[in-house]
Amino acid sequence: MKYRLNFFFFLFLFLINTVSAKDDDGDLLQRIISIDIKKQTLEVALEEIKRQGGFSFSYNPAIIDLYKEVSFKGQNVTVKAVLTDIMGYDYEFKQIGTHIIIRETLSLTIRPIDQRKRKTREEIQRLKENILLKGRVIDAATGMGLQNVVVYDESQKVLTLTDSMGYYALKVPLERMQKGVYFRNRGYYDTMVQFNPGKDEDEVLYNIGLSPYNDNARPVSSDLAISTQNPHQLDIVKRFVPKKVDVISNSIEYVERRGAQFTLVPFLSNNNFLGGSYTNRFSFNVLLGYSAGVDRGLEIGGLVNINRFHMKGAQIGGISNIVGGNVTGAQIGGIVNFNMGEMNGLQIGGISNVVADSVIGVQIGGISNVVRENVRGFQLGGITSTTRTSVKGLQLSGIYSYSREIRGAQISGILNTNHKDIKGFQLAGITNHSRNITGWQVSGIFNHASGEIKGLQLAGIYNYADTLKGVQIGLVNTAKDGRKGVPIGLFSYYNNGYHSVSYHLDEFSMLNFSFQTGTRKFYNYYKVGASVFASNYLEGYEGYHFGIGFGAYLFKRLLTEVGVHGNFNNATSKFEHRFAKWSLMYEQPIWKGISITLGPSVNYDPFLRDNEYVAPPSFYSEQTEFGHFWISGTVGVRFSW
């Protein structure tokens, strides 16, 4: 059983490496280009071929005359045809990832098959022997030693970095040295050197100068541009990704595509220490995976997936996913997802999602969501949802939602905060805060709009707006400017609204005072009155009178009021005549802010039946089985400001 498991394990590794070796970019040598070069240096010609082909070259400048003049003119020809024409048959070309390797052609002597010599056991053993390769890497332009140059063999199994003075040393099997050793550093042309030490040599000393670009270092594809953010800033990445892996990834400028990656931890994978320089179609990480990204494929990690650049496809991490660039597709993290670029698609975090740029799609966090820029779509957080810029769509949380601007709906169980404007709907179990609102603001207790509200503001207790151009519904409604608004509640007050105090007479008392506040479109009134003397007209009505209701100006001088009233009778020590009153009054101004009001009123008292109480004086009165109806009148003086 043990051997069977080992067999399947090594078979899986073999398949992974086989897929990895497969070129996802197609045959670069067969790419079609059109080129017209006349008496240009070979270096200029190679740059033009590289630009049109969308790849890079790797070669040893010592074996190529870069200043040789070449000419070529052709339309829709292959890269290989152009290279063969301008460089001849002394060189051979091989593709590795997004690189074309240029090296000298090996001279072969063709013998009859019976004269060919097989390698002896000693020769085979010699090819497997490790040869010490050491030397110094310098800047070809300045002669200064280069630090952190990556030196590795073609198989990428042997790798080292130059020190602060540019010195390096590594042991490479002779067979791999013959195939080539690579020297790579950001901002310099990649260089590949083939070595063939003598039979008795066990050490090779090789110093090399790398030629810098004439301009800044740049990646082959803008799609793989270095992110302005670096995941190595994060503590979790610093803790679990070795510094050597980080340095190597940043020292190699070009990012190549591979079929698959299998990783135990960042430095134990089929990509060795170069995982950060490859994007993969498929990535399987037992514990913690590290790569340049995922290219239209799938990445699964037992604990954490870390991508330096972009992720396109699906990504699943048992604990976390960390992406230094953009995510396009689906991302699921058992605990947290952290993206330093945009999120396009579906993002689910068991506890939290953090996106340093924008979200376009659906974001779901078990506890919280944090987005630095914009959300276009749906954002759901079990406790909080936070977007620093704007939301176009729906923002939903169990406790708290925050955004600077809303185009859609913001909903939370307790509190919503929007720093600027809302066009849509804001709903909270307790309180809402925003600046300008075009739409609805609804809460269980308190709504606050520090700017202008156009629409509806509805609260269980208190509404406030700086400028009201809509409807407020709540027990208490206030605003600085409410002239164009309609308040509905028990109490409304606006700094520049409608306020008045009136004295009036009605069928119960000659001593009534009332206070009106709100707007001319809709105001609240509160009435108190007293019958402090008896007469034949008011006999039986000595006591106090109370009323509350609302009113509105139907026209400039015609207003109406509706409310509920009650009279406390001193003689019986009971509330009598608990009735509803509707009044229609005409207002005649007599001085600035002073006017006379008079008009009829219709009253209904459901408790006044069977002559239980004395009917009030009236112009018309009728007793029914449903209560008592009567028509009376009122006249008074009103002082407004």
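The values are calculated or read from the model by the stated rules, or taken from the named source; none is laboratory data. Every value quoted in this text rests on a predicted model; they were computed, and no experiment measured them. Using ideal geometry, Cβ is built from the backbone for each residue, glycine included, and neighbour counts are taken over all protein chains shown. Note: areas computed on protein heavy atoms with side chains; ligands, DNA, RNA excluded. Shrake-Rupley method; radii C 1.70, N 1.55, O 1.52, S 1.80 Å.
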In the range 411-442, how many are in contact with a Ser or Thr (Cβ under 6 Å, 6 or more places away or on another chain), part of a strand (DSSP E or B) and open to solvent by 30 Å² or more (accessible area, probe 1.4 Å)? 3
Considering residues of the range 279-302 that are assigned to a strand (DSSP E or B) and of a type in the set (A, V, I, L, M, F, W, C) only, the residue modelled with the lowest pLDDT: Leu288
Would you point out the residue of the range 371-410, among those that are small (Gly, Ala, Ser) and under 11 Å from the mean Cα position of the chain (by Cα), that is surrounded by the most Cβ atoms within 10 Å (Cβ to Cβ)? Ser385
Within the range 375-389, identify whether any single residue is outside the structural domain of Leu468 (by the TED database), among the basic types (Lys, Arg) and more than 27 Å from Asp466 (Cβ to Cβ), and answer yes or no. yes
Residue check: is Ile445 over 19 Å from Ser403 (Cβ atoms) and modelled with pLDDT of 95 or more? yes
Check Asn524 against each of (1) surrounded by fewer than 17 Cβ atoms within 10 Å (Cβ to Cβ); (2) closer than 16 Å to His565 by Cβ; (3) assigned by the TED database to the domain that holds Val602 and name the one condition it does not meet. (1)
Single match in Met311, Met343 (criterion: farther than 22 Å from Gly408 by Cβ, among the aliphatic types (A, V, I, L, M) and crowded, with 22+ Cβ neighbours inside 10 Å): Met311
Can you confirm whether Asp215 is at pLDDT 75 or above, open to solvent by 20 Å² or more (accessible area, probe 1.4 Å) and either assigned to a loop (DSSP other than H, G, I, E, B) or on the phi > 0 side of the Ramachandran plot (or both)? no
Residue within the range 466-487 that is in contact (Cβ under 8 Å) with a residue 40 or more places away in the chain, over 29 Å from Ser390 (Cα atoms) and in a loop (DSSP other than H, G, I, E, B) present: no
Out of all the residues in the range 498-515, is one or more crowded, with 23+ Cβ neighbours inside 10 Å and without any contact (Cβ under 8 Å) to a residue 24 or more places away in the chain? no
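So which residues in the range 564-607 are under 12 Å from Asp506 (Cβ atoms) and crowded, with 16+ Cβ neighbours inside 10 Å, if there are any at all? Can you show your working first?
Going through the range 564-607, the residues under 12 Å from Asp506 (Cβ atoms) turn out to be 565, 567, 577, 579, 581, 583, 585, 597-601, 603.
Across the range 564-607, the qualifying residues are His565, Asn567, His577, Phe579, Lys581, Ser583, Met585, Thr597, Gly599, Ser601, Asn603.
Any residue at all in the range 259-278 that's assigned to a loop (DSSP other than H, G, I, E, B), without any contact (Cβ under 8 Å) to a residue 60 or more places away in the chain and surrounded by fewer than 24 Cβ atoms within 10 Å (Cβ to Cβ)? Steps first, please.
If we filter the range 259-278 for residues that are assigned to a loop (DSSP other than H, G, I, E, B), which is where we start, we get 266-267, 270-271.
Retained after the next criterion (residues that are without any contact (Cβ under 8 Å) to a residue 60 or more places away in the chain): 266-267.
Now restrict to residues that are surrounded by fewer than 24 Cβ atoms within 10 Å (Cβ to Cβ): 267.
Checking the range 259-278: at least one residue is assigned to a loop (DSSP other than H, G, I, E, B), without any contact (Cβ under 8 Å) to a residue 60 or more places away in the chain and surrounded by fewer than 24 Cβ atoms within 10 Å (Cβ to Cβ).
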State whether one or more residues within the range 253-262 are of a type in the set (Ser, Thr, Tyr) and in contact with a helix residue (DSSP H, G or I) (Cβ under 7 Å, 6 or more places away or on another chain). no
